1. Tell me whether segment 62-72 contains one or more residues that are assigned to a strand (DSSP E or B), touching a residue at least 24 places away in the same chain (Cβ under 8 Å), in contact with an Asp or Glu (Cβ under 9 Å, 6 or more places away or on another chain) and of a type in the set (Val, Ile, Thr).
2. Of the conditions (1) β-branched (Val, Ile, Thr); (2) in contact with a strand residue (DSSP E or B) (Cβ under 9 Å, 6 or more places away or on another chain); (3) free of Cβ contacts under 8 Å to residues at least 40 places away in the same chain, ILE144 fails just one. Which one is it?
3. Consider only pairs whose beta carbons are under 7 Å apart and that are at least six residues apart or on different chains; among these, list those whose first residue lies in segment 289-300 and is without any contact (Cβ under 8 Å) to a residue 24 or more places away in the chain and under 19 Å from GLU269 (Cβ atoms) and whose second residue is of a type in the set (Lys, Arg) and surrounded by 10 or more Cβ atoms within 10 Å (Cβ to Cβ).
4. Taking the options ILE210, ILE200, name whichever one is within 25 Å of LYS264 (Cβ to Cβ) and either touching a residue at least 60 places away in the same chain (Cβ under 8 Å) or buried (at least 18 other Cβ atoms within 10 Å of the Cβ) (or both).
5. Within segment 254-289, can you find the residues that are among the aliphatic types (A, V, I, L, M) and assigned to a loop (DSSP other than H, G, I, E, B)?
6. Going residue by residue through segment 173-186, is there one that turns out to be under 25 Å from GLY21 (Cα atoms), crowded, with 22+ Cβ neighbours inside 10 Å, touching a strand residue (DSSP E or B) at 6+ places or on another chain (Cβ under 6 Å) and β-branched (Val, Ile, Thr)?
7. Could you check segment 100-191 for helices (runs of 4 or more DSSP H) lying wholly inside it with 2 or more residues that are assigned by TED's automatic domain parsing to the domain that holds PHE254 and closer than 12 Å to ALA251 by Cα?
Amino acid sequence: MTVQIQNQKVRKAVIPAAGLGTRFLPATKAIAKEMLPIVDKPTIQFIVEEALKSGIEDILIVTGKAKRPIEDHFDSNIELEMSLKEKGKDDLLKLVEETTDINLHFIRQSHPKGLGHAVLQAKAFIGDEPFVVMLGDDLMESEIPLTKQLINDYEKTHASTIAVMKVPHQEVDKYGVIAPSGETEKGLFNVANFVEKPAIENAPSDLAIIGRYLLTPEIFDILDTQKPGAGNEIQLTDAIERLNKTQRVFAREFTGKRYDVGDKFGFVETTIEYGLTHPQIKEALHDYIIKKAKELTALDKSDKKTT
C-alpha cells in the first residue's frame, strides 16, 4: 500500500477524455466530444480553466483514438498567431495564446475499460501526491470553483473528498450515490457507503456523485486490482468504496449550478445560458429568445382554439 504523505499541496489534476461520445453521434464520429463548443469555447477548456482557477499547476488529459484535436487546441499555432499579430487582432491573439501557456500532459487510454481504468493511466504522473479528477461532462458554476472547494476540504482533513449533489430521486440510477452518515460541518458528509448506479428503490440517498473528485494516491493500488463492475467496466466509484474501508472518504455537497453537457438537452441549455452572458451575442440572443417565446405562446393558444 502506498504511504500517504501528509500536508501535501494538491497541485495535479486528471481529466479523463477518452470516451467515444456516442450520445452525440453523428457529430462525434470524427470530432472529439470534448471539442464541441459552448458558443465559441470547447467544453474541455472550461474544465481546464476551473483547474487553473483552483490553483492546479499540472494537468494530465487521458485521451483515446480520434482525440488528437484536444492536443492541437492546447498547442501553439504559429501560423495563426503570426497572422493575427500582423492584422492587429490583439484580442483574438490573446484568446489563442491563453490556451497554450498551461502545463498540460497527455496519455492515451488504449482500451475504453471505464472511468476507473482511465484514472489508473495517471498513476506514474501523480506518484505519491493527492490529486483531483475532473470529468468533462460536468461544468460547474459557483463563486468558489468546486475543485477549489474540494482542495480546501483536503487541507483540513487530508482525506479523499468526493463532490455530490442532490438529484431527483427518479434519476439516482444514473449516478454513483452515497449513503451519508452525518455531517462533520455544513455540507461535508461522512460516508458509510458508495453505490454505483443503484436501483431507484434501493438508493441510500439522493446525493449523487458529480464530476469532481479529490483522491489520495492510495486509490491506484486499489484500481490495480479492481474488478469490472456496472457495464463490465472498472468503476471509480467501486474503488472509492474500497478506499473508504481503509481510510476516511468524505463527500462535499455542491450547491452551485451544474451543467450536464454530456446530455443533448443539457448541452443546448448550457449553450443558451453561456450565450446570454457572452459580450458579443448576449443582446441579440436575449431578443431572439423573447421573440421566439412570444411566437410559441401564440402558436400554443392557436392550437388550443382548434382543439
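The values are calculated or read from the model by the stated rules, or taken from the named source; none is laboratory data. The shown structure was predicted, so the numbers you read here are calculated from the model rather than taken from an experiment. Glycine also receives a Cβ, built like all others from the backbone with ideal geometry; neighbour counts cover every protein chain displayed.
1. Taking segment 62-72 first, the residues assigned to a strand (DSSP E or B) are 62-63.
Right, trim to touching a residue at least 24 places away in the same chain (Cβ under 8 Å) and you get 62-63.
Within this subset, residues satisfying the condition of being in contact with an Asp or Glu (Cβ under 9 Å, 6 or more places away or on another chain) are 63.
Now restrict to residues that are of a type in the set (Val, Ile, Thr): 63.
Within segment 62-72, one or more residues are assigned to a strand (DSSP E or B), touching a residue at least 24 places away in the same chain (Cβ under 8 Å), in contact with an Asp or Glu (Cβ under 9 Å, 6 or more places away or on another chain) and of a type in the set (Val, Ile, Thr).
2. (2)
3. Hits for this filter: zero, empty list.
4. Working: ILE200 fails: either touching a residue at least 60 places away in the same chain (Cβ under 8 Å) or buried (at least 18 other Cβ atoms within 10 Å of the Cβ) (or both).
Among ILE210, ILE200, only ILE210 is within 25 Å of LYS264 (Cβ to Cβ) and either touching a residue at least 60 places away in the same chain (Cβ under 8 Å) or buried (at least 18 other Cβ atoms within 10 Å of the Cβ) (or both).
5. VAL261, LEU276, ILE281
6. Within segment 173-186, the first condition is being under 25 Å from GLY21 (Cα atoms), and the residues that meet it are 173-177.
This time we only want the ones that are crowded, with 22+ Cβ neighbours inside 10 Å, so: 176-177.
The next check asks that each one be touching a strand residue (DSSP E or B) at 6+ places or on another chain (Cβ under 6 Å); those that pass are 176-177.
Next, only the ones that are β-branched (Val, Ile, Thr) stay: 177.
Checking segment 173-186: at least one residue is under 25 Å from GLY21 (Cα atoms), crowded, with 22+ Cβ neighbours inside 10 Å, touching a strand residue (DSSP E or B) at 6+ places or on another chain (Cβ under 6 Å) and β-branched (Val, Ile, Thr).
7. Values: elements: 115-120, 123-126, 146-157.
Counting at least 2 such residues, we get 146-157.
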